[in-house]
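Just so it is clear, none of the values below were taken in a lab; they were calculated from the coordinates. Here the structure is a predicted model, which is why all the values come from computation and not from measurement.
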Amino acid sequence: MAADVVAELTGARLAFGDRVLWDHLDLTVHAGEFVAVLGPNGTGKTSLLKVLLGQLALTAGTVNVAGHPVRTGSERIGYVPQHRSVERGLSMRGQDLVGLGYDGHRWGIVSLRPADRSAKRDAVRRALHQVNGMHLAGVPVGVMSGGELQRVRIAQALATDPVLLLCDEPLLNLDPANARLVSALIDQRRREADTAVLFVTHEVNPVLQFVDRVLYLVDGRFRIGAVEEVMTSETLSELYRADIEVVKVGGRYVVVGEHLDHSGHASGHAHE
């Protein structure tokens with residue numbers, strides 16, 4: 001494996017009974033690469049992240065991160081979950097949430113030695129600084145805005161200085177301004193630290209300027225390539241086995257077709 005290969009799936013198959021999410025998937029992700037994972041709901045985008053996190057076992061094939069077989073709780077991997085609001089009365093502070101990214105993979109009551117506590121404090125500060133979030137350290141997460149909360153969740157994912165950052169619909173339910181902010185913070189991290197990014201999203205436009213390659217999954221079929229190679233009428237029609245039209249308008253991709261279901265909507269969905 002080349003030194004700059006961060007994640008590698010070879011001959012990967014994931015199936016649940018007779019239902020095959022994907023098969024013969026070969027994907028090599030290099031340091032500093034930004035890969036967007038696209039496709040309709042239910043085609044295995046989140047499952048791919050779970051495989052890399054060691055939470056789901058492949059049905060066939062192999063998967064490695066940083067040259068080693070995957071395992072749960074790996075400090076080499078950071079994970080940014082889907083944006084969800086939290087209870088308004090929750091008193092956990094921003095720095096506490098980030099701290100869970102540092103030692104939350106440990107089981108039971110965590111009792112750190114003084115030196116370890118100091119290292120944790122430094123790691124939390126570094127992570128918050130990387131997302132320009134030092135002002136959120138003492139703020140209860142229950143009163144944070146959606147953008148602030150997602151900023152802290154990115155810091156949580158960065159607490160162990162990972163080589164691979166997995167993002168599962170991190171822009172979901174965010175307004176356009178906060179979606180741009182979160183996307184830019186993730187891109188900033190990969191550029192500054194050469195961190196590889198696998199970014200699951202229901203549409204590519206918010207991260208279009210950052211994306212190196214796209215993995216597009218549809219009903220057990222997939223295509224991997226540069227955005228301009230994958231986001232075409234011909235390629236998507238082949239994947240969906242239906243007539244799909246892709247139009248680029250003002251630097252944005254609009255995908256129209258009767259069989260699209262990227263965000264829970266059926267029939268004639270515009271991917272914009």
- Query: Angle, helix 146-158 long axis vs. longest principal axis of the chain, Cα atoms, 0 to 90°, nearest 10?
  - Reply: 80 degrees
- Message: Of the candidates VAL37, VAL70, VAL139, which one comes out as most mobile in a Gaussian network treatment of the chain with C-alpha springs shorter than 10 Å?
- Response: VAL139
- Message: Show me, for the stretch 200-216, the HN-Hα J-couplings you get by feeding each phi into the Karplus relation (A = 6.51, B = -1.76, C = 1.60, θ = phi - 60°), rounded to Hz, glycine and proline as x.
- Response: 7, 8, 7, 7, 8, 4, x, 10, 3, 5, 9, 6, 8, 9, 10, 10, 10
- Item | Mean residue ellipticity (222 nm) of the chain, computed from DSSP H runs ≥ 4 via -39,500 (n - 2.57), nearest 500 | -8500 deg cm²/dmol
- Query: Residues with amide H under 5 Å of ILE244's amide H, sequence separation 5 or more or different chain, H placed in the peptide plane at 1.01 Å from N; which?
  - Reply: SER237
- So what is the relative contact order for the stretch 144-256, in percent, with contacts set as C-alpha pairs under 8 Å and at least six apart? 17 percent
- Please list the non-local residues whose amide H lies under 5 Å from the amide H of VAL37, H modeled 1.01 Å from N, same-chain partners needing a gap of 5 or more. PHE199, VAL200, THR201, LEU215
- Message: For the chain, set up a GNM with springs between Cα atoms under 10 Å and report which of LEU90, LEU174, LEU14 has the largest fluctuation.
- Response: LEU90
- Task: Return one number: the angle in degrees, 0 to 90 and rounded to the nearest 10, between the long axis of the Cα atoms of helix 114-130 and the longest principal axis of the Cα atoms of the chain.
- Result: 40 degrees
- Task: On each of the three principal axes of the Cα atoms of the stretch 1-87, give max minus min coordinate, whole Å, ordered largest first.
- Result: 41, 37, 23
- Message: Using only the alpha-carbon atoms, how far is helix 176-193 inclined from the longest principal axis of the chain? Give it as 0 to 90 degrees, nearest 10.
- Response: 70 degrees
- Of SER85, SER47, SER118, which is the most mobile in a GNM of the chain whose springs link Cα atoms less than 10 angstrom apart? SER118
